[in-house]
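Chemist: Below are the structure tokens for one structure; questions will follow.
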Amino acid sequence: QTVIVVDDQAPSISCPAAVTVSADLGQCSATNVVLGTPVTGDNCAVSSVVNDGPESYPVGTNLVVWTVSDVHGNSSSCTQTVIVVDDQVPSISCPADLGIATDAGQCSASNVVYAVSASDNCTNVVVECSPASGTTFSVGSNSVTCTVSDAAGNTNGCSFTVTVSDSERPTLSCPADVTVNADLGSCSATNVVLGAPTSTNDNCGVSTVVHNGSEPYPVGTNLVVWTVTDIHN
């Protein structure tokens with residue numbers, strides 16, 4: 001008589017705990033991840049314990065299937081979670097401080113364009129500057145702050161200065177020439193009414209209008225120089 005005893009009992013397996021690791025520096029994945037060791041058992045004997053984990057785990061949640069087999073070909077599986085976190089801040093580089101002149105006839109510089117470079121180990125990044133490129137800047141020192149963010153919520157920033165200078169001269173139209181008679185019994189004239197310049201103009205603003213005329217004016221031709229100065233000298 002033959003008595004055949006069959007082992008049809010599957011081995012047991014308990015997966016290692018979930019693993020959370022950071023992505024390798026400059027990469028969007030993690031290598032050399034230590035998974036740990038599952039706990040296994042069998043009524044006869046375990047033959048092999050293997051997993052299907054890759055060499056490189058991408059950022060995100062990865063599932064690793066462990067499989068245990070016994071000496072009689074029975075097997076069981078469990079699943080372990082490997083979470084790879086992107087905690088690397090993106091890089092950002094602002095331009096050097098900018099110095100520009102006002103637009104002709106304006107007290108500002110329009111459409112000021114600048115470029116900011118940024119990169120990340122994983123994804124395309126979003127760069128935002130305040131004020132944005134193409135903005136109109138007023139005369140003086142203007143601060144620009146730029147930030148970059150990646151898909152994982154990591155951020156970085158930089159800043160630079162846009163200095164707008166007013167180098168445009170004001171304009172001036174002198175009063176009309178004045179002809180007066182010498183004062184009675186004198187070879188000069190006093191109380192001469194010079195009038196006022198017919199127009200003064202500046203892209204930002206006029207500060208002062210002065211002249212160098214001084215009485216008395218001797219008989220003959222006298223030159224009076226008028227000078228207009230704007231608010232930026």
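The values are calculated or read from the model by the stated rules, or taken from the named source; none is laboratory data. No experiment lies behind these values; they were computed from the predicted model shown. Cβ sites come from the backbone with ideal geometry, for glycine too, and all protein chains shown count toward neighbours. To get the accessible areas, we keep the full protein, side chains included, count just its heavy atoms, and leave off ligands, DNA and RNA. Shrake-Rupley method; radii C 1.70, N 1.55, O 1.52, S 1.80 Å.
Chemist: Can you order the peptides 187-199, 100-112 by their average number of other Cβ atoms within 10 Å per residue, highest first?
Modeler: Values: 187-199: 12.2, 100-112: 14.6.
So the peptides 187-199, 100-112, ranked by packing, come out 100-112, 187-199.
Chemist: How far apart, in nanometres, would the label points at Asp8 and Ala132 be if each is projected 7 angstrom from Cα along the Cα-to-Cβ direction?
Modeler: It is 7.1 nm.
Chemist: Measure off, as a whole percent, the carbon and sulfur share of the 1.4 Å-probe accessible area of the chain, all protein chains present.
Modeler: Numbers: 6860 of 13890 Å².
For the chain, the apolar C and S fraction of the accessible surface comes to 49 percent.
Chemist: Can you give me the C-alpha center-to-center distance between region 7-74 and region 197-233, rounded to a whole angstrom?
Modeler: 90
Chemist: Another question about this same structure. What whole-number value in Å² describes the accessible area per residue of the chain for a 1.4 Å probe?
Modeler: Numbers: 13890 Å² over 233 residues.
For the chain, the solvent-accessible area averages 60 Å² per residue.
Chemist: Continuing with this model, one more query. Sort the following peptides by mean Cβ neighbour count (other Cβ atoms within 10 Å, averaged over residues), highest first: 49-55, 174-180.
Modeler: Working: 49-55: 13.1, 174-180: 11.3.
Most protected by this proxy first, the peptides run 49-55, 174-180.
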